[in-house]
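The values are calculated or read from the model by the stated rules, or taken from the named source; none is laboratory data. As the structure is a computational prediction, the values presented were derived from the model and not from experiment. FYI the Cβ positions are ideal-geometry reconstructions off the backbone, even for glycines, and counts take in every protein chain you see.
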Amino acid sequence: MFLQKNTDMRKSEFVDNIHYVGVNDRTKTLFESLWPLPYGVSYNAYLIDDEKTALIDTVDIAYTDRLIENVQNILGGRTLDYLVIHHMEPDHSAAIGILRSIYPDMILVGNAKTLDMVKGYYGIDCRTLTVKDGETLSFGKLELTFALTPMVHWPETMMSYCPQRQLLFAGDAFGCFGALDGGITDRELELEKYWNEMYRYYSNIVGKYGAPVQAALKKLAGIPVQTICSTHGPIWQEQVEKVIGLYNTMSLYQAEKGVVIAYGSMYGHTEAVAEEIAAQLRQAGVSPVIVHNVSYVHESYILRDIFRYDTLILGGPTYNGELFPPIAHLTHAIASRGIKQRKFGCFGSYTWAGVNIKRLTAFAEEMGWQTAENPVEIKQGFSADDKERCAVFARSIAELMNRE
Ligand code: FEO
């Protein structure tokens, strides 16, 4: 890949002795070959410039040149003493081998699981330093205390805290999709897209691991934090409280009031049911009502909204005696993330034998969700009677939403 010379001369030192040396990626189509990136993504790396120097994480392999240039612009001719590795997923670790070849004396700092993965991924097992939970490493004026936070969202994930700057290096935690548009801290950026992308990042990538995220938040509770440095998205300074609050809410699977309708439709009949239910919900005073056609909207956006709102309605046509395939896939994605405490309703259609209500009701029971009465399943075309059934169902949903 051809990389343009990095001529970005923006100020990188966002707190004394700590620089941003990360990069924006506006060309990758699918993160993890799964998740669309309409606004790109940043791979954040940081540099501690103290008596000793330390790089905090690396970047995607395609952007290694830019990372090295950013680091060398700050270091001048100085060497890099440490590389602290908070997370081994290759969007942050891929440059380790090249950095080691440039800085052969650089010590790789990680926990036992990290260093095992360093060997597995990159064949490196020398000049390493194993840190344990609660241990501290000094660089001169600044030091880092390590907190192991396993399964946020890999087994080796850890964070580190710099007490002199009240700053947390968080790995992927508190991160989001979205390249950084001209700034690096939340004071310098328009934040709306990052909030939406934080829901999408969390729900799709971290969403399965609510309990480990809660354990990590408890471990961090009481520590004064002025700055959160995630490996993706803005550096959080003004919005620290909101970011931690969102992570707490999402990891508890708590949600705002609102309805997500996700439907599939082959020839428009099931779509007519979805549209009528949405209109009837609005008439019943329900808001917001968000409608997704599962054949056209990437599942990552639907999961984002399911994490965000407390009520879900699924519907589709019967297909080969089963759920419509994208609806079946969505139920699997929801179940694998263990999403709790949702209110649920379902609808469907069939031509000669319907399975939707039975299958989707069983799915909600397995999830431990409350289910609305009067689900709608139409046979073949959509009729005036079906319209009235949609109104009854919408009232059942509205009533369920008002229940504790
Ligand atoms: Fe951004 Fe889990 O890697």
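Annotations for the structure displayed:
- Residue in the range 337-344 that is part of a helix (DSSP H, G or I) and aliphatic (A, V, I, L, M) present: no
- Being outside any helix (DSSP H, G or I), surrounded by 14 or more Cβ atoms within 10 Å (Cβ to Cβ) and not aromatic (Phe, Trp, Tyr) is a condition met by at least one residue of the range 95-104.
- Residue in the range 222-239 that is of a type in the set (A, V, I, L, M, F, W, C) and under 22 Å from HIS332 (Cα atoms) present: no
- Checked against (1) touching a helix residue (DSSP H, G or I) at 6+ places or on another chain (Cβ under 6 Å); (2) hydrophobic (A, V, I, L, M, F, W, C); (3) modelled with pLDDT of 95 or more, LEU3 passes all but a single condition, namely (3).
- If you go through the range 36-48 and keep only what is surrounded by fewer than 20 Cβ atoms within 10 Å (Cβ to Cβ) and either of a type in the set (S, T, N, Q) or within 11 Å of the ligand (Cβ to nearest atom) (or both), you end up with nothing.
- Verdict on TYR301 being surrounded by fewer than 21 Cβ atoms within 10 Å (Cβ to Cβ), within 20 Å of the chain's Cα centre (by Cα) and of a type in the set (Phe, Trp, Tyr): yes
- In the condition set (1) of a type in the set (S, T, N, Q); (2) in contact (Cβ under 8 Å) with a residue 12 or more places away in the chain; (3) closer than 27 Å to THR149 by Cβ, SER33 is compliant with all but (2).
- Subset of the range 271-313 [part of a helix (DSSP H, G or I), farther than 24 Å from ASN402 by Cβ and touching a helix residue (DSSP H, G or I) at 6+ places or on another chain (Cβ under 9 Å)]: ALA272, GLU299, SER300, TYR301, ILE302, LEU303, ARG304
- Search result, residues across the range 108-125 that are among the hydroxyl-bearing types (Ser, Thr, Tyr) and more than 24 Å from the chain's Cα centre (by Cα): TYR122
- Scan of the range 228-246 for residues that are assigned to a helix (DSSP H, G or I) and crowded, with 22+ Cβ neighbours inside 10 Å, ordered by number: VAL243
- VAL259 being in contact with a Phe, Trp or Tyr (Cβ under 8 Å, 6 or more places away or on another chain) and more than 16 Å from the ligand (Cβ to nearest atom): yes
- Residue under evaluation PHE382, criteria (1) closer than 24 Å to ARG282 by Cα; (2) assigned to a helix (DSSP H, G or I), criterion not met: (2)
- Filtered residue count, the range 248-266, keeping only those that are touching a residue at least 40 places away in the same chain (Cβ under 8 Å) and either over 24 Å from GLY354 (Cβ atoms) or more than 30 Å from the chain's Cα centre (by Cα) (or both): 10
- Among (1) farther than 19 Å from SER230 by Cα; (2) within 16 Å of the ligand (Cβ to nearest atom); (3) not β-branched (Val, Ile, Thr), the one test that GLY110 misses: (1)
- Members of the range 247-287 found to be surrounded by fewer than 22 Cβ atoms within 10 Å (Cβ to Cβ), over 20 Å from ILE306 (Cα atoms) and hydroxyl-bearing (Ser, Thr, Tyr), listed by number: TYR267
- No other residue among GLU51, GLU13, GLU69, GLU89 is within 13 Å of the ligand (Cβ to nearest atom) and either buried (at least 20 other Cβ atoms within 10 Å of the Cβ) or not hydrophobic (A, V, I, L, M, F, W, C) (or both) apart from GLU89.
- Scanning the range 337-355 for residues that are hydroxyl-bearing (Ser, Thr, Tyr) and either under 26 Å from the mean Cα position of the chain (by Cα) or surrounded by fewer than 21 Cβ atoms within 10 Å (Cβ to Cβ) (or both), we see that the one that is farthest from ILE261 (Cα to Cα) is THR351.
- Leading residue by the ranking (surrounded by the most Cβ atoms within 10 Å (Cβ to Cβ)) among those in the range 356-404 that are small (Gly, Ala, Ser) and over 25 Å from HIS329 (Cβ atoms): ALA394
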